[in-house]
Amino acid sequence: MCAIDRRSFIARTSGIAAGMALTPILGASMGRLESTVRVGIIGCGRQGRAIIAELSSFETVTIGAICDSEPRRLNAGKRRAKDAQAFADHRAMLDTGTLDAVFIATPTHLHREFATDALQAGLHVYCEAPLSNTPEDAKAIAQAARGSTNVFQAGYLARANPVYQLARTFFVSDSVRTLVAMEAVRARKTSWRTPANDAEMNKRLNWRLDPEVTTGLAGEWGSHQFDVFHWYTGKYPTRVSGFGSIRLHDDGRTVHDTISASLAFPSGEILTYNATLANSYEGAHELLRGENAAIKLAWTHGWMFKEADAPTQGWEVYANRQQFHNDEGITLIAGATKLAEQGKLKDGIGLPHTPLWYSVESFLKSVTEDAPVACSADEAFRSTIIGIRTHEAITTGRTIEIDPAELG
Amino acid sequence: MGCRFELVLAGGPELWLRAAGEEAIEEIDTTHALLTRFKPGSVVSHINEGAQQRVDGELFALFELADRIRQQSEDAFDITRNADSNLLLHQPNRTVSVSQGGSVDLGGIGKGYAIDLAIRSLREAGITSAFVHAGGSSGAAIGTRPDGSPWRISIGESTPLDPLRIDITNRAFAVSGDAQQGQHITDPRTMSTTTASVFGACVGESACECDAWATALCVLGARPATMPESLHSILPGKCAWRIEPDGCLTPEDPSPCAQSTAVRS
């Protein structure tokens, strides 16, 4: 594990860095793959159903089976995947031997059993992120994936997101230059609860609020955003500290609804992370501040804010700009040149698909066309560990040292 | 969907009600993301860009319903946005598209669809007393109010007519009309704004169906014979109506109802 060498990256991607803004990289509206694939979904909660909806847009994908031990969720899955065979037990589903790949969208602490069983059954696996709630389980998944010849992709969505991919080319090609600081925010006003009618059901469904198994906001939300910085910089923090409290949902829970953390990188950069369930202002975004520019990323949108003394680059002539109070952001649009030729540059602001769609598409292309995996088990393992350790720092109030050896 | 959704939930601990309400709101948000024609990533945007859009079974059923209501209403309700275009549904692989040059707008049915999904989510969570509405023009109720009385809707408050009052329990409703927003209902057969009726309202089991039929009634100005018997149609007049337990719609006081039309068949 080492930081990306900026010079070697430029050499490898010569002509692409500027070209990414100029090259159409957005596909057709409906997913097209070179061969058919038959998939199963384990977990039909909110995320599982979102995956079903995205998979339904792919012409050559058949949702052959769905699985959930919760009858209500299984029924919800069946309504969306009408032709799929429904299972309450994942082993029965895997034993059918009719599937090529499975998507795992269960509670985080249950991923290990499902992922390792699916890999053992010889299936390609897409596993939601974080990989697990403990380093041991995350390591077991990563090891199983490494020992398999099948595709394993983790659901850290940024890595397959065209806006994030485009922005990364600017980042690694020196548009930002020296990285000064990193910030990320996730804010959403929600109780994070699922309605449950009895204590047993509550334990099962409200696992995110169960201190025994949750990785809290730092793991469940934060690790997705930490992964962006890991992917961009090729670096990982070695020291983490933070605080948390219950600011709004004082309903008997012990898991914080608001957290703030600092993740210190060995080269001196600090990533400041704030997340809350008590307010929704600004939603989710990541910010990389550099000597020449700042890059702000917000799922379907990205912007670059240039310093006055930063050199001008050719691609800027195509750029759309948006005003943010006193700052002007250059909109980072994937496929900008093609859109400009079509007179649709403004229409191009924002992605034509959800970030989840691109992640699913990327996985399917890895399965059917041998395309590179967007987020490997090893990469996901490292971001998972950082999420777990940050949660640990916040809940214990201690500064946690992360030994790089722990990240494999 | 360009309006505020409100949920009133009762009959349990606040913690549980809030969690159930949040799940219902997520259904509404998800539906909005799929059906909006103003964002590039939506299913409707893809269809309008000319794609043969493959959709999941549940969404395909919505497009089938929209097309069925178009046929039953003799084109008084139509999600395609110009008179010459057709909705193309391909059942075997569940693809939706529109004939060349056309586009679709689910504004006349999407709110009701979102309400139905929200109501289903609330029912599945175990909620027994709830009222959900979207911008005051479409809504649905689960059970009764906490005091056991039905949920009361007032229709036509902003029209020159006396408002109609309807009591509902486990029912959905929708109102379509011009009084509040000016002439905003387009007759899809002529693509001009309609003046057939000040408003049209519909009461039934599904907010989605009611939403579409309320628009059709407003365009037609009368109940067509092809409208399903399970739906109550309401057109302007002075009256208060009650939905009886057997589903019949009866006037509370028959005398002023001569000016109103409220029929099932």
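The values are calculated or read from the model by the stated rules, or taken from the named source; none is laboratory data. Quantities reported herein were computed from a predicted structural model and do not represent experimental measurements. As a convention, Cβ positions derive from the backbone with ideal geometry for all residues, glycine included, and neighbour counts pool all protein chains shown. For accessibility, only protein heavy atoms count, side chains too; no ligands or nucleic acids. Shrake-Rupley method; radii C 1.70, N 1.55, O 1.52, S 1.80 Å.
Note on A:ASP370 and B:LEU89: the model spin-label points, each 7 Å out from Cα along the C-beta direction, lie 4.3 nm apart. Per-residue accessible area (protein heavy atoms, 1.4 Å probe) orders B:THR186, A:THR254, B:THR36 as A:THR254, B:THR186, B:THR36, starting from the largest.
Of the solvent-accessible surface of the stretch A:213-340, computed with a 1.4 Å probe over protein heavy atoms with every protein chain present, carbon and sulfur atoms account for 49 percent. If you take each beta carbon of peptide A:48-57 and count the beta carbons of other chains within 10 angstrom, what is the mean? Partner Cβ neighbours, averaged per residue: 4.
Once all protein chains are placed together, A:THR396 keeps about 70 Å² accessible to a 1.4 angstrom probe.
Of the options A:SER383, A:HIS230, A:ALA65, report the single residue whose Cα projects farthest towards the positive end of the charge dipole of chain A (beta-carbon charges: Lys, Arg +1; Asp, Glu -1). Going by the charge dipole, the pick is A:ALA65. Inter-chain neighbour count for A:75-88: the average number of beta-carbon atoms from partner chains within 10 Å of each residue's beta-carbon is 2. Of the whole protein surface, B:TRP151 contributes about 30 Å² of accessible area at a 1.4 Å probe radius. The listed residues B:GLU229, A:GLU183, once ranked by accessible area (1.4 Å probe) with the largest placed first, stand as B:GLU229, A:GLU183.
If you take all C-alpha pairs in the stretch A:241-295, what percent of them are over 19 Å apart?
Working: 654 of 1485 pairs.
When all Cα pairs of the stretch A:241-295 are counted, 44 percent exceed 19 Å.
In the protein assembly as shown, the DSSP-assigned H stretches of four residues or longer account for a calculated mean residue ellipticity at 222 nm of -9000 deg cm²/dmol, using -39500 (n - 2.57) per stretch and the full residue count as denominator. Qualifying GluC sites (Glu not before Pro) in the stretch A:186-227, where qualification requires a DSSP coil assignment and no more than 15 other C-beta atoms within 10 Å, comprise A:GLU212.
With the simple model of a label 7 Å out from the Cα in the direction of the Cβ, A:ARG398 to A:LYS189 spans 3.8 nm.
Put A:LEU179, A:LEU288 in order of accessible area, highest first, and with a 1.4 Å probe you get A:LEU179, A:LEU288. Between B:TRP151, A:VAL185, A:VAL125, the Cα set farthest toward the positive side of the dipole of the protein assembly as shown (charges on each charged residue's Cβ, about the Cα centre) is that of A:VAL185.
Provide the per residue accessible area, probe 1.4 Å, for the protein assembly as shown, rounded to a whole number of square angstrom. Let's see the in-between values first.
Numbers: 27830 Å² over 673 residues.
Dividing the accessible area of the protein assembly as shown by its residue count gives 41 Å².
This model, with +1 at the C-beta of Lys and Arg and -1 at the C-beta of Asp and Glu, gives the stretch A:224-328 a dipole about its Cα centre of some 220 debye. With one equal scatterer per alpha carbon and no solvent term, the Debye-computed log10 I(q)/I(0) for the stretch A:47-179 at 0.16, 0.21, 0.22 1/Å reads -0.86, -1.28, -1.36.
With the radius of gyration and the Kirkwood radius both derived from the Cα set of chain A, what is their ratio Rg to Rh? Intermediate results must be reported in sequence, preceding the final value.
Numbers: Rg = 21.1 Å, Rh = 22.0 Å.
Value, to two decimals: 0.96.
Across all directions, the average projected area of the convex hull around the alpha carbons of the stretch B:44-105 is 3.8 nm². Solvent-accessible area of A:SER35, all protein chains in place: 50 Å² (probe radius 1.4 Å, heavy atoms, ligands and nucleic acids excluded).
Among beta bridges from DSSP that stay inside chain A, the antiparallel ones total about 60%.
Working value for the stretch B:1-154: equivalent-ellipsoid semi-axes of 32, 16, 13 Å, each the square root of 5 times a Cα gyration tensor eigenvalue, largest first. Each residue of the stretch A:83-89 was assigned a 3J(HN,Hα) from its phi angle through the Karplus expression (A = 6.51, B = -1.76, C = 1.60, θ = phi - 60°), giving 8, 7, 7, 9, 10, 8, 10 Hz with x at Gly and Pro. If the chain linking A:ARG321 and A:ILE270 were pulled fully straight, counting 0.36 nm for each residue of separation and taking away their Cα-Cα distance, it would gain 15.5 nm.
Sum up the charges of everything whose Cβ sits under 14 Å from the Cβ of A:THR194, counting Lys and Arg as +1 and Asp and Glu as -1, but leave A:THR194 out.
Charge balance in the 14 Å sphere: -2.
Relative contact order, whole percent, for the stretch B:44-105 stands at 44, derived from Cα pairs under 8 Å and 6 or more residues apart.
Could you name every residue in the stretch A:169-196 that has 50 Å² or more less accessible surface in the full protein assembly than in its own chain alone (probe 1.4 Å, ligands and nucleic acids excluded)? By number: A:ARG193, A:PRO195. For the stretch A:34-87, the fraction of C-alpha pairs more than 19 angstrom apart is 17%. The relative contact order of chain A, computed from alpha carbon pairs under 8 Å that lie at least 6 residues apart in sequence, is 21 percent. Residue by residue along B:12-19, Cβ atoms of other protein chains within 10 Å of the local Cβ number 5 on average.
Karplus-based coupling profile of the stretch A:137-146, in residue order and whole Hz: 5, 4, 5, 4, 5, 4, 5, 4, 5, 5, with θ = phi - 60° in 6.51 cos²θ - 1.76 cosθ + 1.60 and x standing for Gly or Pro. Take the Cα of A:LEU248, step 7 Å toward its Cβ, do the same at A:ARG204, and the gap between the two points is 2.9 nm.
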